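Some notes on the structure that comes next.
The values are calculated or read from the model by the stated rules, or taken from the named source; none is laboratory data. None of the values given here were measured: they were computed from a predicted structure. Because the Cβ atoms are built from the backbone with ideal geometry, glycine has one as well, and the counts that use them run over all protein chains shown.
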C-alpha cells in the first residue's frame, strides 16, 4: 500500500519518541502489504476502528491515534492526523 504524507510519521517520531518503534512497525506493515478491505486491516491490526469515513489506528499501546483515509481500490493510504490520545478525545480532528 502506498502511504501519502509519510512526513507526518517522521514528525510524529520527533514529537513522540517513545512511539518511534511502534510508528516504524505500523509503517512497515502498511507499506509491505496490499489490503483489499477493512476486514483485512482488522485481522492484521488488533486495534483499528472505522470512524465515519476514516480509519483510526491505536499506536504505541494506546498512546497515539493515527487517523487515515484509505482508497483500497487504488492502494493509497492518506495520513490525516497523528494525535495523542488526549487530543483525539477532543474530537477537533473531525471538523
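Residues that are in contact with a helix residue (DSSP H, G or I) (Cβ under 9 Å, 6 or more places away or on another chain) and in a loop (DSSP other than H, G, I, E, B) were ranked within region 36-75; the one that is modelled with the highest pLDDT is 72. From the set of residues in region 76-91 that are in a helix (DSSP H, G or I) and touching a strand residue (DSSP E or B) at 6+ places or on another chain (Cβ under 9 Å), which is nearest to residue 23 (Cα to Cα)? The qualifying residue nearest to residue 23 (Cα to Cα) is 85. Taken together, 20, 28 contain a single residue that is surrounded by 14 or more Cβ atoms within 10 Å (Cβ to Cβ), part of a helix (DSSP H, G or I), modelled with pLDDT of 95 or more and out of contact with any strand residue (DSSP E or B) (no Cβ under 9 Å at 6 or more places or on another chain), which is 20. Summed over region 50-75, the residues that are over 19 Å from residue 20 (Cα atoms) and either surrounded by 15 or more Cβ atoms within 10 Å (Cβ to Cβ) or over 13 Å from the mean Cα position of the chain (by Cα) (or both) give a count of 10.
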